[in-house]
Each structure stands twice: as C-alpha cells, then as structure tokens.
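Inspection log for the structure reproduced underneath, given as structure tokens.
The values are calculated or read from the model by the stated rules, or taken from the named source; none is laboratory data. Not measured: the values here are computed from a predicted model. In this analysis, Cβ positions are derived from the backbone assuming ideal geometry, glycine residues included, and neighbour counts consider all displayed protein chains.
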Amino acid sequence: MDSAKPPSSLARRVAGWLADSPLATPGRRLMEANLRDYHLPLSKWGKLAAGSWLILRDYADGRFPPTFEDQQKAYQGEIDYFASIPGSARERMIADHIVKPFWDAHWFGKYAADLARLLRVFEQLGVPPNARLLELGCGCGWMAEFLAIKGYDVTGTTIAPDDVGIGEKRVAALVARGLPDRLRFRVAPMESVDEAVRDVGPFDVVFVFEALHHAFDWRRAIHAAARALRPGGWLVLANEPNRVHTFVSYRVGRLTNTHEIGMSGPELRAELTAAGLPEHRVFQPRFDNRITAHWIAGRRPPA
Ligand SMILES: C[S@@+](CC[C@H](N)C(=O)[O-])C[C@H]1O[C@@H](n2cnc3c(N)ncnc32)[C@H](O)[C@@H]1O
C-alpha cells in the first residue's frame, strides 16, 4: 500500500510468533488446503482464520501490506488469471465466465442489482440512451454486453486476451440475434487505455466496475480514462472497494496472483481532480467508513 510505514522488527517478530502459535494452526491448515484448491468450501470463520493466518505470516516476512513494483509481473498475473486458479483448469474458468452473471441465485442477484445501479447512475448523470461508453477491466464482458443490448455503443477493454476471447463470443451472439453492431472488445492495459481506443473515442462515459483495484497503478488508470473522455463526459468508478478490502481480500489476491487492494474515498477524489475531473458526484458511501464500496463519478469540464 502506498503510504504504509515499514513495520518495526518487533511487530514483525510478534506477528511471526502468533502465526507459528498453536492458536493459528487451524488457519494455517485451511490456508494450505486453500492454496491447493481455490474452490475449497470455507465458512466465513474459515475464511477469516485462513486470511488472518496468511496476513500474520506475510507481515512477519515483510510481504504484507502488499507493495506493487513490477508492472510486467502484475500484468502477467492478471493475464494468466484463468490458467492459475489452484485446482481449476483454464477451460473450466472460461466456461464459467461465458455464462457470467448466470451463476446461481446469489451471484445473479448481486450482479443484476449492480447493473441496475449503474444504469441508475447513468440516468442521474444525464447520460443519453445511445451514449458512447468505454469500460476498463471489463473481464468476460458481461456488463458491456448488457449495456450494448440496452442501446449504448460499448467498447470493453481488459488486459487479458482470454477475456477478449469470451467477449468476442458475446459480440457474435448479438450479431446472430440481429442487434446492431455496437459492441467491441480490445486488449488494453487501463494505465494507457486512451492510446488503444483513440479511433473509437472520445467517450461520453468511461466506467470501471470492480476492476480499478486490480490495476498495477490505479492513479495512472484514472488519468488515462480522463484523457479518453469528451469534454463534459463522466468517469464512473463503480463498486470499487474501500480500504478494508486490502485485508479482507488479501487471501484471494495471493491465491489468484492478482491485485486486491482497497482505496479511500478522499484519495480517489483527489486523483479525479488531479486528472482534470474537478466536478464529483459521490453516490456511495455518504461518509467514508473504510468498508462500503465506492460509487463515485468525476466530470471533465464541458468545452
Ligand atoms: C475482478 S475482474 C472484474 C471484471 C469485470 N469488471 C466484471 O465485472 O466481470 C478485474 C478485471 O480487470 C482486468 N485487469 C486487471 N488489471 C488490469 C489492467 N492493468 N488493465 C486493464 N485491465 C486489467 C482483469 O483482467 C479482469 O478482467
């Protein structure tokens, strides 16, 4: 994390002692099993025990809080995501993501609510129904697909070619259904996304849903997104995690070799302003409580 002080060696020694103590043995055992099988069924307490043990161990070893220094390594971790899930073949991961968000009642309910919320945010910002949208970190493209069906012109971008492969199947499905050609996917790191989409921009809205926190450098990503906006356009940060995520999802980040960090409201807003987006709408949280995910928009001043 950006502003973390180096831990004192006493604090590290205490963490190491706790991690090695019998008290932490159940957590260690669960984490060792989880490292072999990502889909290991874990209760809330099991996740807490495994995640806490890992944080103690890694804090003692100087690995927690995470610092991100090697951009190519970070990019490669994200690119290899489907192929690196312990206990799950790449083919199974791809098959799962082709049908996202229709996983089960819980996940479908969550993603349907998130999509409805994003549509409401667009309405509140006055985004026209045929607006040109750019999505950063679009994953398998499920949200981009629904937004294109809704009538927007959508360009989905992600760092992972496997994601774009799935996205292209979604495009083919829309074409087969006779819908106009208004969805496309590209491989593009969000830190330099403006360069990769110049021919299809500028955009009325750039948005990122649950992915900015995966960027190697989320600050650079905000600046690149701002450069892709037309004057008067909005950058929407949708459901990006608050600070507690750095702790809660550290276990998942280590299992999947990806970035899982949380960001504070004030630092997100400061970066929006620094990127030339001085007008903000904060939809959530009302006051920064370190837990509730962020829904924040920043506007490029109209010409
Ligand atoms: C947690 S997934 C979310 C995906 C998508 N928004 C969804 O809801 O399914 C994070 C996504 O960000 C992408 N990603 C990670 N780092 C990136 C980067 N630096 N530039 C662009 N995409 C990135 C990953 O490949 C992945 O597709």
Among the residues of region 58-81, the number that are within 11 Å of the ligand (Cβ to nearest atom) and outside any helix (DSSP H, G or I) is 2
Those residues of region 132-169 which are on the phi > 0 side of the Ramachandran plot and either outside any loop (DSSP other than H, G, I, E, B) or more than 11 Å from the ligand (Cβ to nearest atom) (or both) amount to Gly151
*asked:* Among the residues that make up region 4-16, is at least one of them closer than 22 Å to Pro241 by Cβ and not charged (D, E, K, R)?
replied: yes
Tell me, yes or no, whether region 268-276 has at least one residue that is in contact (Cβ under 8 Å) with a residue 24 or more places away in the chain, of a type in the set (Val, Ile, Thr) and assigned to a helix (DSSP H, G or I).
yes
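Those residues that are away from the ligand (no atom under 12 Å from the Cβ) and either crowded, with 16+ Cβ neighbours inside 10 Å or in contact (Cβ under 8 Å) with a residue 60 or more places away in the chain (or both), I need them from region 171-196; list them, please.
Within region 171-196, the first condition is being away from the ligand (no atom under 12 Å from the Cβ), and the residues that meet it are 171-184, 194-195.
Result: Val171, Leu174, Arg182, Leu183, Arg184, Asp194.
Listed here are the residues, each with its yes/no results for (1) of a type in the set (S, T, N, Q); (2) touching a strand residue (DSSP E or B) at 6+ places or on another chain (Cβ under 7 Å); (3) part of a loop (DSSP other than H, G, I, E, B).
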site: Phe216; (1), (2), (3): no, no, yes
site: Ala221; (1), (2), (3): no, yes, no
site: Ala226; (1), (2), (3): no, yes, no
site: Asn239; (1), (2), (3): yes, yes, no
site: Thr246; (1), (2), (3): yes, no, no
site: Thr258; (1), (2), (3): yes, no, yes
site: Phe283; (1), (2), (3): no, yes, no
Over region 93-147, the set of residues of a type in the set (Gly, Ala, Ser), surrounded by 16 or more Cβ atoms within 10 Å (Cβ to Cβ) and either free of Cβ contacts under 8 Å to residues at least 60 places away in the same chain or in contact with a His (Cβ under 9 Å, 6 or more places away or on another chain) (or both) is Gly137, Gly139, Gly141, Ala144
Of those in region 228-249 that are away from the ligand (no atom under 15 Å from the Cβ) and free of Cβ contacts under 8 Å to residues at least 60 places away in the same chain, the residue farthest from Pro128 (Cα to Cα) is Val244
Screening Asp199, Asp217 for residues that are assigned by TED's automatic domain parsing to the domain that holds Arg117, touching a residue at least 24 places away in the same chain (Cβ under 8 Å) and either more than 22 Å from Leu119 (Cβ to Cβ) or out of contact with any Gly (no Cβ under 8 Å at 6 or more places or on another chain) (or both) leaves only Asp217
Within region 43-56, the residues that are aliphatic (A, V, I, L, M) and under 12 Å from Arg29 (Cα atoms) are Ala49, Ala50, Leu54
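Could you identify the single residue in Glu260, Glu271, Glu267, Glu279 that is of a type in the set (D, E, K, R), within 16 Å of the ligand (Cβ to nearest atom) and modelled with pLDDT of 95 or more?
Details: Glu260 fails: modelled with pLDDT of 95 or more; Glu267 fails: within 16 Å of the ligand (Cβ to nearest atom); Glu279 fails: within 16 Å of the ligand (Cβ to nearest atom).
None of the others qualify; the one that does is Glu271.
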